[in-house]
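Report on the structure given below.
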Amino acid sequence: MKLHLSAILLLCANAVSGFRTPSTLPSTLPPSTKLSYTPSYKPTSKTSLQSTTDQSKTASTGVERNANFAKLAGGYLFPEIARRRNAYLEKNPDANIISLGIGDTTQPIPPNILAGLMSGVTNLGSKDTYSGYGAEQGMGPLREKISSVLYDGRITADEVFVSDGAKCDIQRLQNMFGNKVTSAVQDPSYPVYVDTSVMMGQTGNLDTSTSQYDNIVYMECNESNGFFPDLSSTERADVVYLCSPNNPTGVAATRPQLEEIVRICKERGSILVFDAAYAPFIRSEGVPKSIFEIEGARECAIEVNSFSKYAGFTGVRLGWTVIPSELKFKDGTPVKQDFNRVMTTSFNGASNIVQAGGLACLSPEGMKEITTLIDYYLENAKILSDTFTGMGYDVYGGTDAPYIFVGLKGAKSWDTFSEILEKAEVVTIPGAGFGPGGEGYLRLSAFAPREAVVEACERLKKVFS
C-alpha cells in the first residue's frame with residue numbers, strides 16, 4: 001500500500017504524540033488530501049508529560065521472575081572478564097592488550113576443512129543439491145563418521161546427536177534431567193555445570209561463607225589429589241559432571257582414575273556426564289580420549305564433545321553428544337529416548353553448511369590438519385608453562401590440554417588478574433572464577449597466536465621478576 005508523504009509524516013507524529021488516526025486510509029492520496037484526527041488525550045502540562053514518560057520507564061509486567069535466576073552469583077565469568085578488559089581499554093585507549101583468557105581459537109580454519117564448509121554453501125545454490133530441514137539428530141553420514149573415526153566403532157551412529165556445541169548440549173541435558181536431581185561438579189570447574197543447575201532449580205541458595213550452592217555436591221580437586229576427585233569419599237549425586245582434559249586445570253584423567261569413577265557411578269546408580277571437548281589435545285600414552293574406552297561406561301555415562309577446539313570451529317558451532325542405548329533411567333526408560341525428544345522439540349538441527357564442514361574434519365586430510373592445529377596450540381602451552389616454571393611457580397596442565405593452571409603462592413587470583421592486566425596488559429582468568437577451589441590459581445589459555453604468546457611471556461617476566 002502506498003501512502004502520500006503527508007500521511008506518513010502524520011502517522012509518525014501521531015505515534016510520538018499519542019493521537020488517534022482514522023481507522024482506514026485510501027491506498028493512494030492526492031497532494032490536496034487533508035486528514036482529520038482527534039486527540040486521544042489532552043496533555044495539561046509539561047509536568048504531566050514527564051510523569052507519563054517516567055512511568056513508562058519503570059513499568060513492569062504482571063509476570064513473576066524465575067526465582068532461580070535471582071540465585072545466580074553475579075554475571076557469567078567470561079563476560080565479566082570482557083567487561084573488566086573493556087573498562088581498562090576505556091581508561092587506556094592506546095593499550096596493546098594480549099588475551100590469554102577465554103579459550104577462543106585464533107588460527108584460520110585449514111584448507112581442506114574450509115573447502116568442506118564452502119561446499120556446504122555451494123550446495124545450497126543448486127536445485128539438485130539444495131537441502132532444507134534435516135534430521136534434528138544430525139546428518140546420517142556425519143553421525144556415521146563420528147562413530148567410526150573418533151570412537152573406533154565403540155558407539156553406533158544412532159547414539160550420536162549432532163548439535164551446535166557442547167555448552168548448548170549441557171543445558172539440553174539439564175532440561176532433560178529436570179529440577180529434582182542433585183548434581184556433582186569438580187571444584188574448580190567450568191562454570192556452565194553449576195550455573196545451569198541453578199537455572200534449572202536443582203539448587204538452594206548460594207552460601208556466601210563458602211561461595212557454594214546448597215544441594216550441589218562439590219568434588220574437591222587440588223594438588224594433593226592430582227586435581228581429580230575422590231568420588232568414594234564424596235556423597236552420592238544423581239548426575240556427576242567430569243571434564244577431561246580438564247578446564248580449567250589442564251589435567252587429563254588417567255585410565256585407572258576413569259575406571260574408578262565409572263565403577264562408583266554404576267554402584268551408586270549415578271549418571272556420569274563426561275565433557276571431552278579437549279580430547280584431541282591428549283598426547284600422553286595410554287590416557288583415554290573418551291569415557292567409552294572404559295569398560296562399563298555404556299551403562300552409566302553420557303559424553304559431550306565439540307569441533308570447536310578440534311578445528312577452530314568456535315565461531316562455526318558444531319558439537320555432539322553420545323548417549324548409549326544401554327543407559328536407562330530408574331524406571332527403565334532409555335535416556336536416549338528422552339534426549340531425542342528434547343532435540344526434536346527444541347532444535348531444528350545443526351546448519352547443513354556446518355555439518356558439511358564437520359564431514360571434512362573427519363576425512364583423512366582433515367584429521368591431519370587438526371593434528372597440525374593442535375600441535376601449534378600445545379607448543380604455545382609449553383612456552384607458557386616453561387615461562388612460569390622458570391619463574392619458580394608451580395604449573396599444572398599444558399601437556400594434554402591447551403590450558404595451564406598456575407599456583408600463585410598464596411596470592412588472590414582476582415588481585416593477580418588485575419595486577420597483570422594493569423602492569424603487563426595481558427588478560428588471564430582468575431581461578432576463583434571457576435569456583436572456590438580455584439582461589440589462589442590463574443588459568444592461561446594457549447589459543448593466542450604464537451607471537452602474542454611470546455610477547456606476553458616477556459611482559460609477564462618483567463612483572464614477576
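Using only Cα atoms, figure out Rg for segment 46-203 and give it as a multiple of 2.2 N^0.38 Å.
Against the compact-globule rule of thumb, the ratio is 1.55.
If each of D375 and A411 carries a label point 7 Å out from its Cα toward its Cβ, how far apart are those two points in nm?
3.5 nm
First compute the accessible area of segment 88-163 with a 1.4 Å probe, then give the percent of it belonging to carbon and sulfur atoms.
Reported share for carbon and sulfur atoms: 53 percent.
Can you send over the carbon and sulfur percentage of the accessible area for segment 209-297, probe radius 1.4 Å, protein chains only?
42 percent
Name all residues of segment 122-165 having a backbone nitrogen under 20 Å from the label point set 7 Å from the Cα of Q337 along its Cα→Cβ direction, giving them as ranges.
So the set is 136-137, 156-161.
Which of the three applies to segment 126-219, rounded, prolate or oblate, going by the alpha-carbon gyration tensor with a ≥ b ≥ c and a/c under 1.5 meaning rounded?
Prolate, since a/c reaches 1.5 and a/b exceeds b/c.
Let me have the 222 nm mean residue ellipticity of the chain computed from DSSP H runs of 4+ only, each contributing -39500 (n - 2.57), with the sum over all residues rounded to the nearest 500.
-12000 deg cm²/dmol
Normalised by the residues of the chain, what does the relative contact order come to in percent, with Cα pairs under 8 Å and at least six apart?
Computed over the chain, the figure is 20 percent.
When N counts the residues of segment 70-118, how does its alpha-carbon radius of gyration compare numerically with 2.2 N^0.38 Å, as a ratio?
Against the compact-globule rule of thumb, the ratio is 1.73.
In the chain, which helices (entire DSSP H runs) extend 27 Å or more along their own long axis, judged by Cα positions, while averaging at least -1.0 on the Kyte-Doolittle scale?
In the chain, the long hydrophobic H runs are 364-390.
Taking all protein chains as present, what is the carbon and sulfur share of the accessible area of segment 335-465, in % to the nearest whole number, probe 1.4 Å?
51 percent
What fraction of the DSSP beta bridges in the chain is antiparallel, stated in percent and rounded to the nearest 5?
That works out to approximately 55 percent antiparallel.
Starting from the Cα-Cα distance between Y393 and A135, subtract it from 0.36 nm times their residue separation and give me the gain in nm to one decimal.
So the extension gain works out to 87.9 nm.
Put a dot 7 Å past each Cα toward the Cβ at D386 and D214; how far apart are the dots in nm?
Each label point lies 7 Å from its Cα, and together they span 5.2 nm.
Could you tell me which residue out of L142, Q171, T122 lies farthest along the dipole of segment 115-172 toward its positive end? Charges go on the beta carbon: Lys and Arg +1, Asp and Glu -1, centred on the Cα centre.
Of the listed residues, the answer is T122.
Pick out, from A184, S224, T234, the residue whose Cα sits farthest towards the positive end of the charge dipole of segment 164-304, with +1 on the Cβ of Lys and Arg and -1 on the Cβ of Asp and Glu.
Positive-most Cα among the choices belongs to A184.
Can you find, among Y310, T399, N348, the residue farthest towards the positive end of the dipole of the chain? Put +1 on the C-beta of Lys and Arg, -1 on that of Asp and Glu.
N348
Fully extended, how many nm does the chain gain between K461 and L72 (0.36 nm per residue separation, minus their Cα-Cα distance)?
136.4 nm
Calculate the all-directions average of the projected area of the chain's alpha-carbon convex hull, and give it in nm².
Value for the chain: 31.3 nm².
At a 10 angstrom cut-off on C-beta neighbours, averaged per residue, how do the peptides 428-440, 176-188 rank from highest to lowest?
So the peptides 428-440, 176-188, ranked by packing, come out 428-440, 176-188.
Based on the alpha-carbon gyration tensor of segment 356-465, what equivalent-ellipsoid semi-axes (square roots of 5 times the eigenvalues) come out, in whole Å, largest first?
29, 15, 12
Using only the Cα atoms of segment 410-465, build the gyration tensor, take square roots of its eigenvalues as a ≥ b ≥ c, and label the shape rounded, prolate or oblate: rounded if a/c is under 1.5, else prolate if a/b is larger than b/c, else oblate.
It comes out oblate by the Cα gyration axes.
Give me the one-decimal nm value for the distance between modelled label points at N225 and L124, 7 Å along each residue's Cα-to-Cβ direction.
4.7 nm
Explain nothing, just the number: dipole magnitude of segment 89-241 about its Cα centre with +1 on each Lys and Arg Cβ and -1 on each Asp and Glu Cβ, in debye rounded to the nearest 20.
My answer is approximately 520 debye.
Residues of the chain: accessible area per residue at 1.4 Å, in Å²?
48 Å²
To the nearest 20 debye, what charge dipole does the chain have about its Cα centre, counting +1 at the Cβ of each Lys and Arg and -1 at the Cβ of each Asp and Glu?
Dipole size: approximately 2080 debye.
The values are calculated or read from the model by the stated rules, or taken from the named source; none is laboratory data. None of the values given here were measured: they were computed from a predicted structure. Glycine gets a Cβ as well: all are built from the backbone with ideal geometry, and neighbour counts include every protein chain shown. When the accessible area is computed, the model is the full protein with side chains, heavy atoms only, and any ligands, DNA or RNA have been set aside. Shrake-Rupley method; radii C 1.70, N 1.55, O 1.52, S 1.80 Å.
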